[in-house]
Amino acid sequence: MDISAIRKDYSIKTLDISHVNDNPITQFHSWFEEAVKAEVLEVNAMTISTLGLDGIPNGRIMLLKGVDTGFVFFTNYQSEKGQELEKTKAASLTFFWPELERQVRVRGKVEKVSSEESDSYFFSRPIGSQIGAWVSPQSQVISSREDINTRKLEIEKQFADKALTRPPHWGGYRLMASSIEFWQGRPSRLHDRIKYELKDEKWIINRLAP
């Protein structure tokens with residue numbers, strides 16, 4: 001297969017700077033709602049990129065769980081990404097919605113959400129996912145799948161006669177955006193790119209070359 005020959009021309013929509021909202025969070029909500037209506041597969045999936053402890057960028061797919069003053073997601077604080085976020089306290093997010101030929105890139109500082117927010121989301125999850133948060137020493141080397149299965153049985157036994165609690169090493173983060181770029185695919189690779197940058201607590205909006 002000739003990978004270099006794989007290409008797609010984009011032509012569904014346009015993006016004009018005069019039509020975007022003054023606030024990028026509001027603009028994101030608008031695009032996200034369109035993506036939901038378009039039945040985009042895994043619409044809240046995003047690539048979270050962090051700076052590895054070895055100085056090499058590190059990315060993985062995760063799920064967005066809320067957008068308010070920032071972008072909220074949850075994970076194991078002791079995982080690889082958790083250690084990286086603890087060190088740099090910054091990350092970037094990338095959303096790609098191929099059905100709409102759109103991409104959104106978000107960059108900013110990251111902070112932990114409150115214990116109350118973490119509890120609220122944790123207990124909204126299916127019980128299997130709650131137990132899973134206790135079971136997995138995320139990112140650590142294990143000898144076999146059986147290690148996880150054994151640990152699962154131990155946790156189920158531990159909480160058999162008492163209420164399940166949220167693991168202290170599991171919770172949420174909120175990325176506070178300092179820049180957000182909206183990308184709309186266009187024909188001949190002449191894409192529309194609108195970038196918001198936060199300067200002196202005001203959002204500056206510019207069009208970028210494709």
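What follows draws every value from the coordinates through simple rules; no lab data is involved. These numbers were taken from a predicted model, which means no experiment stands behind them. Every residue, glycine among them, receives a Cβ derived from its backbone with ideal geometry; neighbour counts consider all protein chains shown.
Key figures for this structure:
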{"quantity": "Extension gain (nm, one decimal) between LEU51 and ARG125, 0.36 nm per residue minus Cα-Cα", "calculated": "23.8 nm"}
{"quantity": "Vicinal HN-Hα couplings computed from phi for the range 22-39 (Karplus, 6.51 cos²θ - 1.76 cosθ + 1.60; Hz; Gly/Pro x)", "calculated": "5, 10, x, 5, 5, 5, 4, 4, 4, 5, 5, 4, 4, 5, 5, 5, 7, 6"}
{"quantity": "Label-point separation, GLU197 to SER114 (7 Å along Cα→Cβ), nm", "calculated": "3.4 nm"}
{"quantity": "Dimensions (Å) - the range 7-68, Cα atoms, principal axes, largest first", "calculated": "42, 35, 24"}
{"quantity": "Pairs beyond 30 Å (Cα-Cα), from LYS81/LYS195; LYS87/LYS162; LYS13/LYS65; LYS8/LYS112; LYS13/LYS112; LYS89/LYS195", "calculated": "LYS87/LYS162; LYS8/LYS112; LYS13/LYS112"}
{"quantity": "Spatially proximal aspartates and glutamates relative to LYS199 (Cα-Cα < 19 Å; intrachain offsets below 8 disregarded)", "calculated": "ASP22, GLU181"}
{"quantity": "R0 of 22 Å, Cβ-Cβ distance SER4-ASN58: FRET efficiency to nearest 0.05", "calculated": "0.25"}
{"quantity": "Approximate shape of the range 57-148 as ellipsoid semi-axes (Cα gyration tensor, √5λ), whole Å, largest first", "calculated": "24, 17, 16"}
{"quantity": "Förster-model FRET efficiency, 35 Å R0, HIS29 and THR88, C-beta, rounded to 0.05", "calculated": "0.80"}
{"quantity": "Over the range 79-210 - Rg/Rh using Cα atoms and the Kirkwood inverse-distance radius", "calculated": "1.12"}
{"quantity": "Three semi-axes of the equivalent ellipsoid, the range 1-107, Cα gyration tensor, whole Å, largest first", "calculated": "27, 20, 13"}
{"quantity": "Helical mean residue ellipticity (222 nm; -39500 (n - 2.57) per DSSP H run of 4+; nearest 500) of the chain", "calculated": "-7500 deg cm²/dmol"}
